[in-house]
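Participant: Got a structure for you, written out below as structure tokens; questions coming shortly.
The values are calculated or read from the model by the stated rules, or taken from the named source; none is laboratory data. The model shown is predicted, which means the values in this text are computed figures rather than measured ones. Here Cβ is always computed from backbone atoms with ideal geometry, including for glycine, and neighbour counts include all displayed protein chains.
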Amino acid sequence: MEIPAPVQKKIDEYLDRVAAHLANRPPQEARSILNDLESQIQEALADRAAGREPAPEDVSAVLAEMDAPESFDAPAEAPSPLKRLGLGGLALAISLAGVLILTIQVAVFGPWYRHSPGPELALLLPITLCQVIAIILGVMSWREKLGKVAVIAASAILLVGLGLTS
Amino acid sequence: MYHYCVMQSTSLDSWITQLRKGLLDVCILNVLAGGESYGYELIRRLREVKDLSIGESTAYPILHRLKVEGYVRVRTAASPAGPPRRYFSLTSQGQRRVREMNAYLTQLLGEISRLGRTKGDSRGNPGPSAEED
């Protein structure tokens, strides 16, 4: 079916407006939706024109039956706090949590640790575990900036800790 | 009183919207269970279900997701009308999924409809009347 230029222009205008509302979707999905829409418009136009050359009024009628471009907006979904943080952010948070735990331990139980035998293990186990977990998660999210920061920070904390205890 | 009615209507609308959203996948998969279909034809079939209010902006993103999830496959073939048609069809995984969905829906609707009957039937009375509501 031959499509006259004014008709094609109207189709392109509609697809451009839809494309603007698909901007938040992955490019592959947006392209796939636009291909399907163009194909649907052509089919509907051929149906309506029934053998004759489609007129601009035909395409207007076809587009009027279709969803408005605004309705192609991706549903707004608030990302969960964990998603916003990312794996790298989580690794860094765990590393810092280890330091916070150690600080609290020293502040609250400091006097008790001084008078009891073998306090090092109780003090060092939580922070060491946190740093090891942070390094593992940081390596897993190495592509993220926070992942790299977490690995460096956790390694530094471990090395300083080892230096202080030995 | 007016405020109460508006609230009732809004909550019903919101319930219907949620229910429709949940049914869109099963509707699309059921159309494709009848054989492969291209976009224009698929949308026309879906629009036959008046209360579903499904259009292109809903159907095509779902079709894309179903393709990514492996339930639907797409093939492109020449069309007499214009650009090549994209035909959608179910994969074997999609056929299994639609069977499971239909079986679950049938079971669920059966159990829901039994909920209203059980009390009245078991005691030999018709249950609560409409006036009591």
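Participant: Please go through region B:74-112 and give me each residue that is among the hydrophobic types (A, V, I, L, M, F, W, C) and out of contact with any Ser or Thr (no Cβ under 9 Å at 6 or more places or on another chain), ordered by number.
Facilitator: The answer is B:A77, B:A78, B:L90, B:V98, B:M101, B:A103, B:L105, B:L108, B:L109, B:I112.
Participant: How do the pairs read when you match residues in region A:49-71 that are at the interface with chain B (Cβ under 10 Å from one of its Cβ atoms) with residues anywhere that are among the aromatic types (F, W, Y) and part of a helix (DSSP H, G or I), using Cβ under 8 Å and keeping only pairs 6 or more apart or on different chains?
Facilitator: A:M66/A:Y14; A:P69/A:Y14
Participant: Taking the condition modelled with pLDDT of 90 or more, closer than 30 Å to B:Y60 by Cβ and not hydrophobic (A, V, I, L, M, F, W, C), does A:D67 pass?
Facilitator: yes
Participant: Can you tell me which residues in region B:63-82 are without any contact (Cβ under 8 Å) to a residue 12 or more places away in the chain, among the aliphatic types (A, V, I, L, M) and closer than 14 Å to B:S37 by Cα?
Facilitator: B:A77, B:A78
Participant: Can I ask one more? Pick out the one residue from A:R48, A:R25, A:R31 that is more than 25 Å from B:A77 (Cβ to Cβ) and either basic (K, R) or not in a loop (DSSP other than H, G, I, E, B) (or both).
Facilitator: A:R25
Participant: Now for a different question. Might you check whether a residue that is modelled with pLDDT under 90, of a type in the set (K, R) and closer than 21 Å to A:L63 by Cβ occurs anywhere in region B:96-119?
Facilitator: No, every residue in region B:96-119 fails to be modelled with pLDDT under 90, of a type in the set (K, R) and closer than 21 Å to A:L63 by Cβ.
Participant: Can you name the residue in region A:31-41 that is at the interface with chain B (Cβ under 7 Å from one of its Cβ atoms) and under 29 Å from the mean Cα position of the chain (by Cα) and is also surrounded by the fewest Cβ atoms within 10 Å (Cβ to Cβ) among such residues?
Facilitator: A:N35
Residue by residue, here is whether (1) surrounded by 15 or more Cβ atoms within 10 Å (Cβ to Cβ); (2) at pLDDT 85 or above; (3) in a helix (DSSP H, G or I) holds:
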{"position": "A:A61", "(1), (2), (3)": "no, yes, yes"}
{"position": "A:S71", "(1), (2), (3)": "no, yes, yes"}
{"position": "A:I94", "(1), (2), (3)": "yes, yes, yes"}
{"position": "A:A107", "(1), (2), (3)": "no, no, yes"}
{"position": "A:K148", "(1), (2), (3)": "yes, yes, yes"}
{"position": "A:L164", "(1), (2), (3)": "no, no, yes"}
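Participant: Could you check, for region A:8-30, whether at least one of its residues is charged (D, E, K, R), within 11 Å of chain B (Cβ to nearest Cβ) and touching a His at 6+ places or on another chain (Cβ under 6 Å)?
Facilitator: Yes, there is a match, as at least one residue in region A:8-30 is charged (D, E, K, R), within 11 Å of chain B (Cβ to nearest Cβ) and touching a His at 6+ places or on another chain (Cβ under 6 Å).
Participant: Select from region A:30-64 the residues that are out of contact with any Ser or Thr (no Cβ under 8 Å at 6 or more places or on another chain) and within 19 Å of B:H64 (Cα to Cα) and list them in ascending order.
Facilitator: Answer for region A:30-64, where residues must be out of contact with any Ser or Thr (no Cβ under 8 Å at 6 or more places or on another chain) and within 19 Å of B:H64 (Cα to Cα): A:A30, A:R31, A:S32, A:I33, A:L34, A:N35, A:D36, A:L37, A:E38, A:Q40, A:I41.
Participant: Does at least one position in region A:3-12 carry a residue that is among the acidic types (D, E) and not in a helix (DSSP H, G or I)?
Facilitator: no
Participant: Same structure again: Just to be sure I understand, how many residues within region A:1-30 are touching a residue at least 40 places away in the same chain (Cβ under 8 Å), surrounded by fewer than 17 Cβ atoms within 10 Å (Cβ to Cβ) and closer than 21 Å to B:V68 by Cα?
Facilitator: Residues that pass the stated criteria total 1.
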